[in-house]
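This report concerns only the one structure given below.
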Amino acid sequence: MSSNKEDGGWKKFVWNSEKGEFCGRTGGSWFKILGFYLIFYSFLAGLFVGTIQCLLLTLSDYKPTWQDRVAPPGLSHTPRSDKSELAFNLNDLETYLPYTKAMRDFLSMYDEDKQRDQMKYEDCGDEPTEYKYRGDLNSDVGVRKACRFQRSLLGPCSGIEDREFGFKEGKPCLIVKLNRIVNFVPRPPSSNDSIPEAAQYKVRPNVIPIFCTNRREEDAGKIGEVKYYGIGEGFPLQYYPYYSKVLHPQYLQPLVAIQFVNVTMNTELRIECKVFGENIGYSEKDKFQGRFELKLQVTNL
Amino acid sequence: MIKNVVLQTTHFFYEKKITKSIFYLQDSYNMFEMDGEGKWNAAYIPFIVPFTIGQFLQDDHEITIEELEMRYTTSVTKGLTSRMASEVLERDGPNELLPPKGTPEYIKFARQLAGGLQCLMWVAAVICFIAFGIEFSRGTLGCFDDLYLAITLITVVVVTGCFGYYQEFKSTNIIASFKNLVPQVKIWKYRKCMVISVCILGQLEANLGLYLGGCWESEPQSKTPECTHENPLETKNIAFFSTTCLEGVATGTVINTGDRTIIGRIASLASGVGNEKTPIAIEIEHFVDIIAGLAIFFGFTFFVVAMFIGYAFLEAMIFFMAIVVAYVPEGLLATVTVCLSLTAKRLARKNCVVKNLEAVETLGSTSVICSDKTGTLTQNRMTVAHLWFDNVIHAADTTEDQSGQSFDQSSETWRSLARVAALCNRAIFKPNQESLPIPSRIVVGDASETALLKFTELTIGNTMEYRERFKKVVEVPFNSTNKFQVIHELEDPLDLRYLLVMKGAPERILERCSTILIKGQELPLDEQWREAFQTAYMDLGGLGERVLGFCHIYMNEKEFPRGYKFESEEMNFPTSGLCFAGLISMIDPPRATVPDAVMKCRTAGIRVVMVTGDHPITARAIAANVGIISEGSETIEDIAARKRIPVEQVNKRDARACVINGGQLKDMSSEELDEALRSHPEMVFARTSPQQKLIIVESCQRLGSIVAVTGDGVNDSPALKKADIGIAMGIAGSDAAKNAADMILLDDNFASIVTGVEQGRLIFDNLKKSIAYTLTKNIPELTPYLIYITVSVPLPLGCITILFIELATDIFPSVSLAYEKAESDIMHLKPRNPRKDRLVNEALAVYSYFQIGAIQSFAGFTDYFTAMAQEGWYPLLCVGLRSQWENVHLQDLQDSYGQEWTYAQRLYQEYTCYTVFFVSIEICQISDVLIRKTRRLSVFQQGFFRNKVLVSAIVFQLLLGNLLCYCPGMPNIFNFMPIRVQWWFVPVPYGILIFVYDEIRKLGVRRYPGSWWDQELYY
């Protein structure tokens, strides 16, 4: 960058012994300029850190300032796999081991012995009930209790009796949860208009229904019976709202287990699961918002 | 009987050795009208088609005619045989100049696509394609982003390429359209000549009364058959292609045709390669190299860092690409081009047409102007300047608009002198010009007579009618041999005497006089009066003026009664014992605006060197008049005369001024010339040939100056080409000169050059500002990637967003800086030193990158972290989040509040960050464009709203930013999200900081010039 380069070549630029210059500056000059930048950047860094601190001060510990990107909630499921594909051979343990392992890992959070502490957990009933408000977010109540959610509610998919979650029999289970959002209360559908007829039987009070069906026309009837386990075969409202990580550290989301008990073997099936509710939305761009798609292939050869 | 053959507007299409006759030639595009149908009679031109194989004028002008005939197997009287002629035609081709070989259009376009920065963009695009290919084959989601980016990059390169090409096309088009304005050589004439050259024989005698003139100068020069100079360009017996015969008839032998003529050579020389790079081109190249080098350096470093940290090769390549895209200022070249063309447009309105955009700036760095005299410094119009009668020198009004003072016209002598001047004059006004002011009317006649006619028209009025009253009986025309002219007139009815009036060279006229008219009285012409005459003559001559003497006599009515047969050839009337009326001197006066302009140059540290073909005394007088030789400056000769010592004893260093004539120049070595230019600040070169102009230019360049040269003649074109900036005259200039020049002065006025210099300096200053503005944002564009790679935060700023900043929102503000007024009086500064004062110097880059750029980066990150934190992602959580954040299969990533985000939700959050970062850069850039308005002055001194374009650019930038943010559909097309209004204000404090910090910087620079602060922070 300096004109010195042209005059004396690179070497001279890097170290000019005549003038005692290193890269075009003397030691004193370097000292001064580096000192200047040290002060300059210290100031800037200080300003930056100060601004960020101020920013953090304005933030609530319990609730994010804005929630416009995270709501409406996503619907996530375990096991998940690359390209949302669930393909296995029921005769080959290796092919479904990753899935069952993921499910066991996931469900270990819901182990009964972890939910014993009466100070932290409380029973909210096995039937769906109203929202369970635990005071205002910013009130002084402090840490809130969480509703227990027993694995046994998931029946055959709980992994208590069947460690393989039905994979071995070709009746695979899926654990589905509604992504949690602070202070979000999902509202059940108020009418049946927006719900497909086949799913209407699932609508019950105080439950966010979930319904899985074939995605493609040609898969109709091939999926067989789909069984739902969990409180009210959906997401019961007493588990909402969620009071954020700080106030609700023990929070357990309600789960729904879905079991495909009579799936057509050796065929790739496209399944779409969807939750329904007033404030549940779907998006073209986000395939996991309020629904998800799954490719299921069970091989028995 | 003497015949007069007047030939105007006819082109010689051949260079020929004149074997017989004398003859006037004139530059083809001179002030003489081109009335299309020249009176050139084919019968007068016995051309003989030449032989020329690798011969360039050689010694053709020195050998005898017989030898010449031998050499070209031709005959001076008979010409070539038809068979021979067709052979020659076949061998040499038709006699026309081939247009210079232009670069093919597709190559020009390709060049626009293959610049240093463009190549980097291509590389980036290719990397994108490769990444797309690999990811697509893997079936990765979101791989279309890469394809999208690749296409965008290519579009950017192609669009900017088209833009550059269009600019270049337009600037070459300026000259193309200009070409149509000047009369072109008509080929049909040449064809006619071609045929004639074979068939018609030379039969003409040379002893016809002829006006003869030279070919290269604007003053006609006579041509003779004698070889007068060993240099073919100086000798008088060669007539060159593209010169015009003004008057006269000649026979000659054609020795060269078409491209082998001097013009052909000059044209090919001038249009050929070796086009020297303009200073601004060097600057930009220098700077693009650095940018490209740094981009690759940064890219490569972070490629290595990324590989080291453990990213996959493909990811590291994408990082490399992204860094290149972020660091390269894509919009910069377009900005520079637009700024230059804006100035070019502004200059065009001020009568400077710039052919080569870059020349705009060159003019600003000019340190020496070698100017022609005639037409550039002067009005190119002989005008009566002084009169001497009644033993007093009277000054006439020489201003262009006749606004000056007139002299006392009450004397009886004046009436007589005016009568002689009015009658003894063959010049006439062209009809139908009554509406025009007298000085600009077109006159048929030579320069002196034109001057006299206009003078009498102005003083006594209605000269034509006046001449009617004095009927002409006989006239002996003015000619170059006896320098006098006599006209007989008949006085009004009652007075039967004849009046003889005569004008001519003063000493010749005086010889013929025995009395002198003083205050209306005829007094005997004794020694005292002769001495008075001599003094006056010397005085006027010393002013560099052309002096004519006037005398008259009333003839005895008995000796010459009415009806007396006067014979002009036998001279049967008195030509001596006349009565001397007075002297009238004429000069081509300087243009009114020139002295001011020269003064401006002087204060701007620009030397004005006069290079003219005129006589040294005239040259010196004009130089002194316009201030090229300033008041009180002495030449060596002046000092010698004052001290009464020989010239050799004068210390050369004492003389500020120096007049060197062509003869002296020829004998000087280049070292001596350099020395002369070094030691005398005020130089005038007189009696120089155009070839010597080139020598002078080269000498100036050896001394490290940036030289501007004005020229009009064809043979000026090498000097114009050699000069850093060649300036051709729009009116008097020949095509070749215009082709070789970088700039054309439409009004031929020196003052326009000074305007150009001012604009050139301004644009250099403003380009500096524009570039500083453009460079600054590269740092806030680059740092997101660096932080992304090293700290693994979610990406704060995407490539496409960067391209939007570079090519959409920031273009208009950076161009608007070209409209900024000068900070100080730029015409009071020395011209920049091209070796030291770089366009982009270290201080500018360091200040932009490491200070303002750094502040902008912090602003961006503050806003980024704000947007993240307010949506639930605390700054510390962001660190190291990248791999999870970008995991397409992870649909429940927890934020700081325990909320779970799907991938698409995170992606939209990322786009929000892009937009927020974009907005931060925009806000800071508004502050940046405000601080860039000045480099030294406070913005308050410069005025916030004085630059209306800049204000509207800021408004435009904001509107465009809002459009990008809030237009529906943007999230999925260009990755812009509608962001919260609050986030627009997060970077505002940083914007204010930039402004305040820069004001402090400027204050320090102004208060403590030369201090450490000034050295380090002034760019």
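Take the Cβ-Cβ distance between B:L937 and A:C54 as r, set R0 to 30 Å, and report the resulting FRET efficiency rounded to the nearest 0.05.
About 0.30, to the nearest 0.05.
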Between B:R946 and B:L1003, with labels modelled 7 Å along Cα→Cβ, what's the label distance in nm to one decimal, could you check?
2.1
Provide Rg over Rh for chain A; use the alpha carbon set for both Rg and the Kirkwood Rh (inverse mean inverse pair distance).
1.24
Can you tell me the orientation of helix A:4-14 relative to chain A, as the angle in degrees between its alpha-carbon axis and the longest Cα principal axis, to the nearest 10?
70
Along Cα→Cβ, 7 Å out, is where each label goes; now give me the distance between the ones at B:S137 and B:S86 in nm to one decimal.
7.0
How much net charge surrounds B:G577 when only the other residues with a Cβ under 14 Å from the Cβ of B:G577 are counted, with Lys and Arg +1 and Asp and Glu -1?
-2
Just rank B:C370, B:C913, fewest to most, by other beta-carbon atoms within 10 angstrom.
B:C370, B:C913
Just tell me how shielded B:841-854 is by partners: mean number of partner chain Cβ atoms within 10 Å of each residue's Cβ, no decimals.
2
Where a Cα-Cα gap under 17 Å defines reach, which aspartates and glutamates qualify for A:K63, not counting those fewer than 8 residues away within the same chain?
A:D136, A:D140, B:E871, B:D895, B:E900
³J(HN,Hα), Karplus 6.51/-1.76/1.60, whole Hz, each residue of the stretch B:346-359, x for Gly, Pro:
4, 5, 4, 5, 9, 6, 10, 8, 9, 7, 10, 3, 5, 4
What Kirkwood radius, in Å to one decimal, follows from the Cα pairs of the stretch A:2-57?
13.5
For B:I629, the residues 5 or more places away or on another chain with a placed amide H closer than 5 Å to its own amide H are B:A624
Using 30 Å as the Cα-Cα cut-off, could you pick out the over-long pairs in A:K145/A:K287; A:K171/A:K202; A:K145/A:K177; A:K114/A:K168; A:K12/B:K722?
A:K145/A:K287; A:K12/B:K722
Going through the cross-link list B:K666/B:K738; A:K83/A:K295; B:K769/B:K1002; B:K777/B:K933, which pairs have a Cα-Cα distance over 19 Å in this structure?
B:K666/B:K738
Looking only at Cβ-Cβ distances, which cysteines of chain A have no other cysteine closer than 4.7 Å?
A:C23, A:C54
Over the stretch B:765-1017, what relative contact order in percent results from Cα pairs under 8 Å that are six or more residues apart?
28
Once you average over the residues of B:856-862, how many Cβ atoms of partner chains fall within 10 Å of each Cβ?
3
For a quick check: with amide H placed at 1.01 Å from N, whose amide H comes under 5 Å from B:I660's, ignoring anything fewer than 5 positions away on the same chain?
B:V684, B:F685, B:A686
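For an R0 of 60 angstrom, estimate the FRET efficiency from the Cβ-Cβ distance between A:E130 and A:T299 and round to the nearest 0.05.
Efficiency, from the Cβ-Cβ distance: 0.85.
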Cα axis of helix A:93-107 to longest principal axis of chain A: angle in degrees, 0 to 90, nearest 10?
80
Fewest first, what order do B:T809, B:T915, A:T299 take by the number of other Cβ atoms within 10 Å?
A:T299, B:T809, B:T915
Would you mind getting the Kirkwood hydrodynamic radius of the stretch B:502-578 from its Cα pairs, rounded to one decimal in Å?
14.1
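No lab work stands behind these numbers, since they all come straight from the coordinates. As the structure is a prediction and not an experimental result, all values here were calculated from the model. For neighbour counting, all protein chains shown are included, and Cβ atoms are generated from backbone atoms with ideal geometry for every residue, glycine included.
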